[in-house]
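First up is the structure itself, then whatever we jot down about it.
Every number here is computed from the coordinates shown, using simple stated rules; none is lab data. This one's a predicted model, so the numbers in the text were calculated from it and none came from an experiment. Here the Cβ is made from the backbone with ideal geometry for all residues, glycine too, and neighbour counts use every protein chain on show.
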Amino acid sequence: MTKLGQMAAAGEAAIDCKPLISLALEAGRAILEIYTGAHGAAEKKDGSPVTLADQAAETVILKGLATFFPDIPVIAEEAVSAGYVPAAASCYFLVDPLDGTREFISRNGEFTVNIALIDRGIPVAGVVYAPASGEIYWTSGVDARMSWVRSDALEAGEGVPVHVRPAPESGLTVLASRSHACAHTKQLIEQLPVADVTSAGSSLKLCLVAAGRADVYPRLSPTMQWDIAAGHAVLRAAGGRVLSLTPGGAEATELAYHAPASRDGSGLENSAFIAIGDPELAPVVLKASNI
């Protein structure tokens, strides 16, 4: 199906991810056409970079979503930057056409296309595609299963379910942002039983936790909802959590999403958060965050 359905058991929206996967792949092709050439980088009002690839990918995605899901509003990064914020209630798409623009500009391959469906504050479906590596992760909201495939295997229908791993007794593998590290995050990591710290870009970090290739990803520096919603959906379906930290780190709940209350796009920022694979890690990371 290409129309929004409802899960009777869980009460959450469900969606056919095939159109989302197709759009992510098409957007990825548009990005790669620009990747090795002149990317036309500029600076937005908030100081973040934007390139021709961001704009080309978003054009592909918005056109496709309007065709497949005409009744669902779309909140997309570049459109919001240009001043267009659609009226959205409890159900809407969040789109980051090129997450990790700095990684794109530096040509290290660690950038993604992100498309997520939000239903009543929960990221219930999402696709994260890394065009440079060909990895694509998704969850449909139909059940708790999500899959990893390489893009060149999609037509053959090959998909491998991925799940978070139990926290290893030998120490945690922690992921840190390659381009947005901050002193507070470094302090938090120092409080954890760490075996390895690896830097990576974009929403791939959430997907690596979902695939059992890492255990924790703390992010205390600013992010926007479209930066992480698709990766959050993937991690949630794989059995992990994204914990929203309150000031001081004394409490945490699952990070929730809210449509902007005003037409200027304000309110789309995320709180500080810690993504974890094994839910049993919650007390450990919360204690570490109270620094």
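Once amide H atoms are built 1.01 Å from N in the peptide plane, which residues 5 or more positions from Val197, or in another chain, come under 5 Å H to H?
Val174
When Lys and Arg each count +1 and Asp and Glu each count -1, what net charge do the other residues less than 13 Å away from Val242, Cβ to Cβ, add up to? It would help to have the intermediate numbers written out before the result.
Numbers: positive: Lys205, Arg219, Arg236, Arg241; negative: Asp227, Glu254.
Result for the neighbourhood of Val242: +2.
Any idea how far apart Ala261 and Val197 come out in nm if each label point goes 7 Å out from Cα toward Cβ?
The answer from the label model is 3.7 nm.
I want to check the label-to-label distance for Glu280 and Arg213. Put each point 7 Å from Cα in the C-beta direction and report it in nm to one decimal.
The two pseudo-label positions are separated by 2.5 nm.
Grab the Cα-Cα distance for Lys287 and Glu254, subtract it from 0.36 nm times how many residues apart they are, and report the gain in nm with one decimal.
Values: separation 33, 0.36 × 33 = 11.88 nm, distance 1.63 nm.
Value of the extension gain: 10.3 nm.
Which value in nm describes the separation of the simple spin-label points at Tyr84 and Glu190, placed 7 Å from the Cα toward the beta carbon?
4.7
What ³J(HN,Hα) values, in whole Hz, does the Karplus curve 6.51 cos²θ - 1.76 cosθ + 1.60 give for segment 70-81 when θ = phi - 60°, with x put for Gly and Pro?
These are the phi-based 3J(HN,Hα) values: x, 8, 9, x, 10, 9, 10, 4, 6, 5, 4, 4 Hz.
For Lys63 and Arg120, what does the FRET efficiency come to when R0 = 25 Å and r is the distance between their Cβ atoms, rounded to the nearest 0.05?
Numbers: r = 27 Å, r/R0 = 1.07.
Efficiency computed from Cβ-Cβ geometry: 0.40.
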